[in-house]
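To start, the structure under review is shown below, and the notes come after it.
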Amino acid sequence: MAAIYPVILCGGSGTRLWPASRSDQPKQFLKLLSERSSFQDTVLRVKDIPGVAEVVVVTGEAMVGFVADQTAEIEAWTTILVEPEARDSAPAVAAAAAYVERQDPDGVLLMLAADHYISQPEIFQQAALAAARAAEQGLIVTFGVQPTVPATGFGYIRPGEPLLDGSVRKVAAFVEKPDQATAERYLQEGYLWNSGNFAFKAATLIGEFEAFEPTVAEAAKACVDGLELEAGVARLNREAFAQAKKISLDYAVMERTQKAAVVPAAFAWSDLGAWDAIWEASAQDENGNAQAGDVDLLKTSGVLARSTGPYVGVIGVSDLIVVVEPDAVLVCHRNDSQAVKTLVDGLKAKGRSIAVRRSASTQGAQPLVSTQGFDVALHRVTAGETITLPRSTVQLLEGVFELDGEVYAAGAVLSLEGEVNLRAIGAATLLVTSPR
């Protein structure tokens, strides 16, 4: 069997999960369901699949620090391909395919989203291997998930005739997100949810791009030509990448190709696209409540309540979403979770920076204690930011930072003998004790 190259697409900011998810803290890096983020779970899910040769992450410059930080946390190492700009999914996927083809002309890619939830990794692994075997035969295979409810927030696949040994089926049609009545009919007729995850030979996909979107194929080949890795990171050529048409993989290839196949997958899956999906995937009490942070729930049912800021008490309500961040609070009915995007779009239209990044008050130094001899402050630093600290004792509470070429992770304690510059590789929180 050909070598497998999991490629994890790690872009986007998850607008519908505001205020937790914003451009400076995208949803794939948030620990929404457990002590690991969905990105970390994705890496762990694929790295030990039999036949995996290299795990590749495609992301933007602003997220390189998050990727480095979170892979270090789980002791999993990846190759990071950095997009010079966001041009939708097709150019990113094509560049990854060109990179793998350069490494291994027979290589099979597993193209996966970084922000999805899969509760049964062993079933996923079986489906991935079946998809990889079909991809070796020149098919472009997508994972079709057996629906559990007539969801209107997902695209669907109408499966066609069996192919190969019957483990995959031809894609008869991709269909857009339906209304409720149509979704109910799709459930009865055996349609599958379109998970947006794929398997294909690098050469096969590049060939389809050459046929349907030649600028994407040409740009992909050019932007990896002469590509060099430095500490596991490679930056795609900006000028070459900019020549690719801005288009999604679905529109560029999947809705045109005659090679589309689907692996019916039995694992539980969610794209964690909105707060109701987070509630569904979360551990719940006997009343259907899910909570995280400093929260108490009384006489409630079907509530998701989480806080990374102040204490939250919720009493006598049902089917609500309550999300509290240090600078913003969201309260909505669970059924209105999709409308969070409308709220955020309204904030953007008003020029409110809170729509896309945390308030400045949540960054910088927050004084905690001052005595006659010492000042103690909490410093929050964004990914890539450099701060200057005076002579002090510094404890890194979370994140990763670099000082004089050395990298320090959470738990590190440093005694600074004079003024120094620290650079946060990922978002970091430091406790700084300075003599007065």
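Every condition in (1) without any contact (Cβ under 8 Å) to a residue 60 or more places away in the chain; (2) surrounded by fewer than 18 Cβ atoms within 10 Å (Cβ to Cβ); (3) outside the structural domain of residue 163 (by TED's automatic domain parsing) holds for residue 291 except the one numbered (2).
The residues of the stretch 86-112 that are outside any helix (DSSP H, G or I) and either hydroxyl-bearing (Ser, Thr, Tyr) or closer than 23 Å to residue 254 by Cα (or both), listed by number, are 86, 87, 88, 105, 106, 107, 108, 109, 110, 111, 112.
The single condition from (1) crowded, with 16+ Cβ neighbours inside 10 Å; (2) free of Cβ contacts under 8 Å to residues at least 40 places away in the same chain; (3) within 17 Å of residue 365 (Cα to Cα) that residue 428 fails is (2).
Screening residue 80 against (1) in contact (Cβ under 8 Å) with a residue 40 or more places away in the chain; (2) of a type outside the set (Lys, Arg); (3) in a helix (DSSP H, G or I) leaves a single unmet condition, (3).
Return yes or no: is residue 33 in contact (Cβ under 8 Å) with a residue 60 or more places away in the chain, in contact with a helix residue (DSSP H, G or I) (Cβ under 8 Å, 6 or more places away or on another chain) and not in a loop (DSSP other than H, G, I, E, B)? Considered against the rule, which asks whether it is in contact (Cβ under 8 Å) with a residue 60 or more places away in the chain, in contact with a helix residue (DSSP H, G or I) (Cβ under 8 Å, 6 or more places away or on another chain) and not in a loop (DSSP other than H, G, I, E, B), residue 33 comes out as no. Residue-level check: of (1) more than 18 Å from residue 31 (Cα to Cα); (2) out of contact with any helix residue (DSSP H, G or I) (no Cβ under 7 Å at 6 or more places or on another chain); (3) charged (D, E, K, R), residue 294 misses just (1). Under 6 Å between Cβ atoms, which residue pairs at least 6 apart in sequence (or on different chains) link something in the stretch 307-334 that is more than 16 Å from residue 287 (Cα to Cα) and at pLDDT below 90 with a partner that is acidic (Asp, Glu) and outside any loop (DSSP other than H, G, I, E, B)? Here the result reads 308/325; 309/325, each pair linking the stretch 307-334 to a residue that is acidic (Asp, Glu) and outside any loop (DSSP other than H, G, I, E, B). One residue stands out in the stretch 148-163 among those that are assigned to a loop (DSSP other than H, G, I, E, B) and under 22 Å from the mean Cα position of the chain (by Cα): the one that is modelled with the lowest pLDDT, namely 153. Restricting attention to the stretch 310-333, the residues that are within 18 Å of residue 298 (Cβ to Cβ) and either in contact with a Cys (Cβ under 8 Å, 6 or more places away or on another chain) or surrounded by 14 or more Cβ atoms within 10 Å (Cβ to Cβ) (or both) add up to 9. Among all residues of the stretch 33-45, there is at least one that is among the polar types (S, T, N, Q) and surrounded by fewer than 20 Cβ atoms within 10 Å (Cβ to Cβ). Looking at 252, 231, 283, just one residue is surrounded by 15 or more Cβ atoms within 10 Å (Cβ to Cβ) and closer than 26 Å to residue 12 by Cβ, and that residue is 252.
Pick from the stretch 77-92 the residues that are of a type in the set (A, V, I, L, M, F, W, C) and within 13 Å of residue 218 (Cα to Cα): which of them is farthest from the chain's Cα centre (by Cα)?
Start the filter on the stretch 77-92 by keeping residues that are of a type in the set (A, V, I, L, M, F, W, C), which leaves 77, 80-82, 86, 90, 92.
Subsequent filtering for residues that are within 13 Å of residue 218 (Cα to Cα) retains 90, 92.
Details: 90: 17, 92: 14 Å.
Among those residues, the one meeting the criterion is 90.
Pairing each residue of the stretch 234-249 that is more than 19 Å from residue 102 (Cβ to Cβ) with any residue that is among the acidic types (Asp, Glu) and modelled with pLDDT of 95 or more, provided the two are 6+ apart or on different chains, yields C-beta distances under 9 Å for 245/213; 247/213. The number of residues in the stretch 263-306 that are in a strand (DSSP E or B) and either within 25 Å of residue 128 (Cβ to Cβ) or among the charged types (D, E, K, R) (or both) comes to 7. Name the residue that is surrounded by the fewest Cβ atoms within 10 Å (Cβ to Cβ), counting only residues in the stretch 162-209 that are of a type in the set (D, E, K, R), in contact (Cβ under 8 Å) with a residue 40 or more places away in the chain and within 13 Å of residue 263 (Cα to Cα). This residue is 170.
Does any residue of the stretch 113-121 turn out to be in a loop (DSSP other than H, G, I, E, B), in contact with a Cys (Cβ under 9 Å, 6 or more places away or on another chain) and under 23 Å from residue 41 (Cα atoms)? Within the stretch 113-121, one or more residues are in a loop (DSSP other than H, G, I, E, B), in contact with a Cys (Cβ under 9 Å, 6 or more places away or on another chain) and under 23 Å from residue 41 (Cα atoms).
Please go through the stretch 325-361 and pick out each residue that is touching a Lys or Arg at 6+ places or on another chain (Cβ under 8 Å) and of a type in the set (D, E, K, R). 325, 327, 341, 357, 358, listed by residue number.
The values are calculated or read from the model by the stated rules, or taken from the named source; none is laboratory data. These numbers were taken from a predicted model, which means no experiment stands behind them. Here Cβ is always computed from backbone atoms with ideal geometry, including for glycine, and neighbour counts include all displayed protein chains.
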